[in-house]
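Please read the structure below before turning to the comments.
The values are calculated or read from the model by the stated rules, or taken from the named source; none is laboratory data. Everything numeric in this text was worked out from a predicted model, so none of it was measured. Cβ sites come from the backbone with ideal geometry, for glycine too, and all protein chains shown count toward neighbours.
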């Protein structure tokens, strides 16, 4: 997400095109997914350690490149982000903002039923679930475990890069060090709590988004509450939910386990 956010910001700033920025963010996510896939699928490195290593690399390299390219300046991408109004609905008082969002936001809503349909109604989705639960059995039925995992990782990299690009050029219009603020780890927690079900993931992500928006609202109100505590609020909610619901979470059978074909 960080590399996607940085690549999108740099390209959008130089081209003044939000679309080229989004494409650059997606490409950055795909490149990192390719590297991660090569390390964990073919070299069979520890997935958690490798993931943490790439995360630290992303934080360090984006901070370094931003300092090298921009120095002490703080550039802002201006007048290229745009929202799409849904006719009639965007004119309704009080809720008009819901129907005046960026096109990527609407696409993300469409991805939810699409992800459910792919996972539960297609052969590819069946292969993905089989590879995650029992790759030996999947391989015995003719499923290419390595290719399935690689394709899944590429999809993840594409979406993560797009998410980072949206954050930097569509939502905030600027880039700062570690601007994702652990959103990737929150996404993992939401997925685990939702038991890998896309419809439940939507509600978990929506809950996190609501509390994130609440932090901005509380700061605007100027309440006598430490700013640090307000910013912690969404993460505290996730931690509480993890403590309450984690006992009911079931991990896939081959979760974080490299596959060695016999």
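Quick notes
- Being within 23 Å of residue 67 (Cα to Cα) and in contact (Cβ under 8 Å) with a residue 60 or more places away in the chain is a condition met by at least one residue of the stretch 146-161.
- Filter result for residue 194 (crowded, with 16+ Cβ neighbours inside 10 Å, out of contact with any strand residue (DSSP E or B) (no Cβ under 6 Å at 6 or more places or on another chain) and under 16 Å from residue 22 (Cβ atoms)): no
- Considering the stretch 36-52, and only residues there that are over 13 Å from residue 151 (Cα atoms) and loosely packed, with under 15 Cβ neighbours inside 10 Å, the residue that is nearest to the chain's Cα centre (by Cα) turns out to be 52.
- So residue 97, is it exposed (fewer than 13 other Cβ atoms within 10 Å of the Cβ), outside any helix (DSSP H, G or I) and either in contact with a helix residue (DSSP H, G or I) (Cβ under 8 Å, 6 or more places away or on another chain) or modelled with pLDDT under 90 (or both): no
- One residue from 27, 22, 56 being assigned to a helix (DSSP H, G or I), at pLDDT 95 or above and either over 22 Å from the mean Cα position of the chain (by Cα) or on the phi < 0 side of the Ramachandran plot (or both): 27
- Of all residues in the stretch 162-200, those satisfying the criterion of being without any contact (Cβ under 8 Å) to a residue 40 or more places away in the chain and in contact with a helix residue (DSSP H, G or I) (Cβ under 7 Å, 6 or more places away or on another chain) are 191, 194.
- Residue match in the stretch 67-76 (condition: surrounded by 16 or more Cβ atoms within 10 Å (Cβ to Cβ) and modelled with pLDDT of 90 or more): no
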